[in-house]
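Undergrad: My questions all concern the structure below.
The values are calculated or read from the model by the stated rules, or taken from the named source; none is laboratory data. Please read these numbers as outputs of a predicted model, since none were measured by experiment. Cβ sites come from the backbone with ideal geometry, for glycine too, and all protein chains shown count toward neighbours.
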Amino acid sequence: MPVADLEREQITGSEMTPALTRVAHVRKETYDTFTLTLEPAGHEPFGGFSPGQFSMLYVYGNGELPISISGDPEDHARSVYTVRSVGKTTQALVSSRPGDSIGMRGPYGSHWPLKIARGKDVLIVAGGIGLAPLRPAIHYILRHRADYNRLIVLYGARSPRDLIFRKQLDDWARLPDTQVLSTVDYGGLSWRGHVGVVTGLFRFVRLQPFHTVALICGPEIMMRYVIWELEARGMPPGDLYLSLERNMKCGIGFCGHCQYGSKFICKDGPIFPYHQVRSWFGKYEL
Amino acid sequence: MTPENIVNTLREHPFLQGFAAEHIERLAAMASEVNFRKGEMIFREGDESSFFYLLLTGKVALETNTPGRIVRIVTLGAGEELGWSSVTPSHSKRFQARSLETTHAMAFDGVRLQHACEEDCQFGYTLMTAMLRVVAQRLQSTRLQLIDMYSPVPAKAV
């Protein structure tokens, strides 16, 4: 058999076969966003993941989706995903009930640079559901607090009712050397927090360029403005990392659906140092 | 606050970064210290208020009334500016400003600011450049809010 066919056989036989998991519980975060906790269907615990990675979740008879892992990277008994219900398969996923079977492949992809960030301030900038792939990094930093300087979390969402992980945001804000600020695009009179775009929160942050690593995840237009703001404040592009999203199908760099310039988002990403994708970032239809 | 303290306070304010010492002194001579209680309305929509404020502490919300509800457009805090329209010919306020916390600010009469700009073009250019930076930043933020970038379904032009 030719080598290419052998490789194809290998990929088809192992990487593309989902492992069986069971839904342990489903937690409602907002009116359209839910957090699913999956447990292995057998006795073997999950193999672990690095913050920023994703899995392919398969709703049997419905479809398969790439979903970022939003749980604690040191909890191998569970695998946690935060999903916004926007289509047929995500709707089916968030409608799961405890005990339902979900197929899972992965974890896949690159991860946040938490080793590089050691000894530095970590600035986390999240927009909307973009906080979900960043939460494992926050869990990791809080578990290894002495390895990092300040933790700064800036979070923007559409409205107060779109903010996810609200209780955790409050809990993190009370921790020493941790600054957590949230803002919404539209707020009613009962909202006591900030109103305005997430870049407006930078005025409350004492940023130390060259001693900070920035981890950014949200809508691409938000990330562009965040990057411009950080560069204007003296942050070197090499210290900026972002999580990108494209139409992923196989999750292993095989099908080519998520090609981005010379990279595949699923295999080379989803986490990229900004300087690696700078020339393509923001380009129309790329 | 003594005149010297006012000068020092203004020198620290981000809006006045890059201003020459004599321009800051000129502004200090026009500045008056103001405090707003939590919940106090600083101005209302349609008011002929001509004051420009540099916020020192506290938090202010810019709001607009729509039928049946009040929409909060933006919140402003220490180091920011309120009432940039006071240096434009029309002083009629388009939004209402509400103090959300005890707020401490330096206030400047917009008419006096405009006269100062006419008398000293160098001062006027510096002030208007700083003002334009504020307006551009607010415009950019407003555009981003209008895009509704967190929406799960991207808006399409018809």
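Undergrad: Condition test on B:Val87, is it surrounded by fewer than 21 Cβ atoms within 10 Å (Cβ to Cβ), of a type in the set (A, V, I, L, M) and more than 13 Å from chain A (Cβ to nearest Cβ)?
TA: On the way: surrounded by fewer than 21 Cβ atoms within 10 Å (Cβ to Cβ): yes; of a type in the set (A, V, I, L, M): yes; more than 13 Å from chain A (Cβ to nearest Cβ): yes.
It is true that B:Val87 is surrounded by fewer than 21 Cβ atoms within 10 Å (Cβ to Cβ), of a type in the set (A, V, I, L, M) and more than 13 Å from chain A (Cβ to nearest Cβ).
Matching residues to (1) away from chain B (no Cβ under 14 Å); (2) within 18 Å of the chain's Cα centre (by Cα); (3) within 19 Å of B:Asp148 (Cα to Cα):
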| site | (1), (2), (3) |
| --- | --- |
| A:Ile138 | yes, yes, no |
| A:Ser190 | no, no, no |
| A:Thr199 | no, no, yes |
| A:Phe202 | no, no, no |
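Undergrad: Further question: When you scan segment A:268-282, how many residues do you find that are modelled with pLDDT of 90 or more and surrounded by fewer than 18 Cβ atoms within 10 Å (Cβ to Cβ)?
TA: 2
Undergrad: Just the residues that are among the small types (Gly, Ala, Ser) and at the interface with another protein chain (Cβ under 7 Å from one of its Cβ atoms), please, taken from segment A:170-187.
TA: Here is the first cut: in segment A:170-187, the residues among the small types (Gly, Ala, Ser) are A:173, A:182, A:187.
Hit for segment A:170-187 is A:Gly187, nothing else.
Undergrad: Then there is this: Tell me yes or no: at least one residue of segment B:142-149 is within 12 Å of chain A (Cβ to nearest Cβ) and part of a loop (DSSP other than H, G, I, E, B).
TA: Here is the first cut: in segment B:142-149, the ones within 12 Å of chain A (Cβ to nearest Cβ) are B:142-149.
Checking the rest, the ones that are also part of a loop (DSSP other than H, G, I, E, B) come to B:148-149.
Yes, segment B:142-149 has at least one match.
Undergrad: For A:Leu201, only one of the following conditions fails: (1) closer than 30 Å to A:Tyr260 by Cβ; (2) crowded, with 18+ Cβ neighbours inside 10 Å; (3) in contact with a Pro (Cβ under 9 Å, 6 or more places away or on another chain). What is its number?
TA: Checking A:Leu201 against (1) closer than 30 Å to A:Tyr260 by Cβ; (2) crowded, with 18+ Cβ neighbours inside 10 Å; (3) in contact with a Pro (Cβ under 9 Å, 6 or more places away or on another chain), the one that fails is (3).
Undergrad: Would you confirm whether or not segment B:45-65 contains a residue that is surrounded by fewer than 13 Cβ atoms within 10 Å (Cβ to Cβ) and not in a loop (DSSP other than H, G, I, E, B)? Give the derivation first.
TA: The initial filter retains those residues of segment B:45-65 that are surrounded by fewer than 13 Cβ atoms within 10 Å (Cβ to Cβ), namely B:46, B:48, B:65.
Then keep just the ones that are not in a loop (DSSP other than H, G, I, E, B); that gives B:65.
Yes, because at least one residue in segment B:45-65 is surrounded by fewer than 13 Cβ atoms within 10 Å (Cβ to Cβ) and not in a loop (DSSP other than H, G, I, E, B).
Undergrad: Tell me which residues, restricted to segment B:1-11, are more than 15 Å from the chain's Cα centre (by Cα) and surrounded by 12 or more Cβ atoms within 10 Å (Cβ to Cβ).
TA: Matches in segment B:1-11: B:Met1, B:Ile6, B:Val7, B:Asn8, B:Thr9, B:Arg11.
Undergrad: Ok, one more. Please go through segment A:251-265 and pick out each residue that is in contact with a Lys or Arg (Cβ under 8 Å, 6 or more places away or on another chain) and crowded, with 21+ Cβ neighbours inside 10 Å.
TA: A:Gly251, A:Cys258, A:Ile265, listed by residue number.
Undergrad: So which residues in segment A:157-187 are on the phi > 0 side of the Ramachandran plot and without any contact (Cβ under 8 Å) to a residue 24 or more places away in the chain? I'd like the intermediate steps shown before the answer.
TA: Of the residues in segment A:157-187, the ones on the phi > 0 side of the Ramachandran plot are A:165, A:177.
Once the filter is applied, which keeps residues that are on the phi > 0 side of the Ramachandran plot and without any contact (Cβ under 8 Å) to a residue 24 or more places away in the chain, segment A:157-187 yields nothing.
Undergrad: Among the candidates A:Arg84, A:Arg145, A:Arg161, A:Arg135, single out the residue that is of a type in the set (D, E, K, R), assigned by TED's automatic domain parsing to the domain that holds A:Tyr225 and touching a helix residue (DSSP H, G or I) at 6+ places or on another chain (Cβ under 9 Å).
TA: On the way: A:Arg84 fails: assigned by TED's automatic domain parsing to the domain that holds A:Tyr225; A:Arg145 fails: touching a helix residue (DSSP H, G or I) at 6+ places or on another chain (Cβ under 9 Å); A:Arg161 fails: touching a helix residue (DSSP H, G or I) at 6+ places or on another chain (Cβ under 9 Å).
Every option except A:Arg135 fails the conditions.
Undergrad: From the list A:Leu57, A:Leu65, pick out the single residue that is closer than 19 Å to A:Met248 by Cα, of a type in the set (A, V, I, L, M, F, W, C), surrounded by 15 or more Cβ atoms within 10 Å (Cβ to Cβ) and modelled with pLDDT under 95.
TA: Exactly one residue qualifies, and that residue is A:Leu65.
Undergrad: Another question, then. So A:Lys167 passes all but one of these: (1) surrounded by fewer than 18 Cβ atoms within 10 Å (Cβ to Cβ); (2) away from every other protein chain (no Cβ under 14 Å); (3) more than 20 Å from the chain's Cα centre (by Cα). Which condition number does it fail?
TA: Exception for A:Lys167: condition (3).
Undergrad: Tell me the residue from B:Ala116, B:Ala29 that is away from chain A (no Cβ under 14 Å), loosely packed, with under 14 Cβ neighbours inside 10 Å and in a helix (DSSP H, G or I), please. Before you say what the answer is, go through the steps one by one.
TA: Numbers: B:Ala116 fails: loosely packed, with under 14 Cβ neighbours inside 10 Å.
Step by step, each of B:Ala116, B:Ala29 is checked, and only B:Ala29 is away from chain A (no Cβ under 14 Å), loosely packed, with under 14 Cβ neighbours inside 10 Å and in a helix (DSSP H, G or I).
Undergrad: Further question on the same structure: Please verify whether segment B:74-84 includes one or more residues that are in contact with a Gly (Cβ under 8 Å, 6 or more places away or on another chain), under 25 Å from B:His23 (Cα atoms) and more than 14 Å from every other protein chain (Cβ to nearest Cβ).
TA: Narrowing segment B:74-84 to residues in contact with a Gly (Cβ under 8 Å, 6 or more places away or on another chain): B:74-75, B:77-78, B:83.
From what's left, under 25 Å from B:His23 (Cα atoms): B:77-78, B:83.
After this cut, where a residue has to be more than 14 Å from every other protein chain (Cβ to nearest Cβ) as well, the list is B:83.
Scanning segment B:74-84 turns up at least one residue that is in contact with a Gly (Cβ under 8 Å, 6 or more places away or on another chain), under 25 Å from B:His23 (Cα atoms) and more than 14 Å from every other protein chain (Cβ to nearest Cβ).
Undergrad: Search segment A:68-80 for residues being buried (at least 20 other Cβ atoms within 10 Å of the Cβ) and in contact with a helix residue (DSSP H, G or I) (Cβ under 8 Å, 6 or more places away or on another chain), and hand back the single one that is nearest to the other protein chains (Cβ to nearest Cβ).
TA: In this case the residue turns out to be A:Ser68.
Undergrad: Of the numbered conditions (1) out of contact with any strand residue (DSSP E or B) (no Cβ under 6 Å at 6 or more places or on another chain); (2) within 28 Å of A:Leu230 (Cα to Cα); (3) among the aliphatic types (A, V, I, L, M), A:Ala132 satisfies every one except a single condition; which is it?
TA: So the condition that A:Ala132 fails would be (1).
Undergrad: With within 14 Å of chain B (Cβ to nearest Cβ), acidic (Asp, Glu) and either closer than 30 Å to A:Tyr58 by Cβ or surrounded by 21 or more Cβ atoms within 10 Å (Cβ to Cβ) (or both) as the only criterion, which of A:Asp100, A:Asp162 stands out? Give the steps one after another, and end with the answer.
TA: On the way: A:Asp100 fails: within 14 Å of chain B (Cβ to nearest Cβ).
Result: A:Asp162 is the single residue among A:Asp100, A:Asp162 that is within 14 Å of chain B (Cβ to nearest Cβ), acidic (Asp, Glu) and either closer than 30 Å to A:Tyr58 by Cβ or surrounded by 21 or more Cβ atoms within 10 Å (Cβ to Cβ) (or both).
Undergrad: Collect the residues in segment A:232-250 that are buried (at least 19 other Cβ atoms within 10 Å of the Cβ) and outside any loop (DSSP other than H, G, I, E, B), keeping them in residue-number order.
TA: Scanning segment A:232-250 gives A:Asp239, A:Leu240, A:Tyr241, A:Leu242, A:Ser243.
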